[in-house]
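In what follows, a structure is listed as structure tokens, so that the remarks can point back to it.
The values are calculated or read from the model by the stated rules, or taken from the named source; none is laboratory data. Computed from a predicted structure; not experimentally measured. Counting neighbours? That spans all protein chains shown, and the Cβs are built from the backbone with ideal geometry, glycine included. Heads up: the accessible areas ignore ligands, DNA and RNA and are worked out on the full protein's heavy atoms, side chains in. Shrake-Rupley method; radii C 1.70, N 1.55, O 1.52, S 1.80 Å.
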Amino acid sequence: LLVISQVEMDTPLDQKSTTDEIRERFDNDVERFSCLETGQVATIDAPLVMELITIAATRATSPIHNVLDVGCGAGNNIIRLRQQLGHDIEADLLDLSKPMLNRAVERLNETNGGTVTAICEDFRSANLQSGKYDTILAAAVLHHLRDDDDWQTVFEKIYGLLAPGGSVWITDMVSHESDAVHQMMWDRYGEYLTTVDGPEYRDKVLAYIDKEDSPRSVTFQLDLLRQVGFTRVELLHKNSCFAAFGAVKDV
């Protein structure tokens, strides 16, 4: 059984935002997630990690025809993957927010001739076809998972949805196992947010993270990928409280 320490945020898990509260915030925040050049500016190195996970997908898995984007937002990562591939794909886009989904579908259809299917559901309960996907993307979404069972179930589901030889690529906020390192990295993240738009912006972002998010460490997630069945696991990038990583399913 996987046991890894976790640095908790101030808000207990049972008092975090509900799914409906998360959906409502994202319904009203589409524009912030709709810039391919910058990505989500509250995320450190967003353009770099979009490039890394999409190139890694194309190098690790070939051919790629069927893609699932979990928590697709306004579609930045799936659009970047389509650009990297240079050919049309069949894409299932999943998100809690209908306005986000509508924007993602609209934007992807501008450059992609394959079928794009919008799935407005919670990934945990969505009825998806096992073994269908060549690549799964999950960008800035898994930090909304809560307890150990939640994380275990989702990682097992990702593994089951991938075709043999398929790969999953994740970019997300992460916590740290050491209290001292965790605080150091969050201090650095606060400094970054201040450079983006001042102290008030920093405080706003950190407040909704504490209320809404429950990230786990990179080491927790890499070990969990191995536990559910992946044997090839890769860490692509880490800077402060953000990381990009993935895994390839054996053929």
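The table for this structure:
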item: All-pairs alpha carbon distance profile, region 50-92, 5 Å steps from 0, percent; result: 5, 24, 38, 26, 6, 0
item: Whole-Hz couplings from phi, Karplus 6.51/-1.76/1.60, listed for region 195-205; x for Gly and Pro; result: 5, 6, 7, x, x, 5, 5, 4, 5, 5, 5
item: Assigned charges on the beta-carbon of Lys, Arg, Asp, Glu; region 62-118 dipole about Cα centre (debye); result: 160 debye
item: Unit Cα scatterers, Debye sum, the chain: log10 I(q)/I(0) for q = 0.10, 0.11 Å⁻¹; result: -0.44, -0.54
item: Student exercise, region 147-251 dipole from Lys, Arg, Asp, Glu Cβ charges, in Debye to nearest 20; result: 480 debye
item: Translational D in µm²/s for region 82-179 (Stokes-Einstein at 10 °C, 1.306 mPa s, Kirkwood Rh from C-alpha pairs); result: 107 µm²/s
item: Equivalent ellipsoid semi-axes - Cα gyration tensor, region 187-249, angstrom; result: 30, 13, 7
item: Subset of 16/157; 211/249; 16/249 violating a 26 Å alpha-carbon distance limit; result: 211/249; 16/249
item: Largest-first principal axis extents, alpha carbons of region 162-214, Å; result: 47, 26, 21
item: Whole-number accessible area per residue in Å² for the chain, which is evaluated in the context of all protein chains at 1.4 Å; result: 44 Å²
item: Amide H partners (placed H, <5 Å) of residue 234, local residues excluded; result: 246, 247
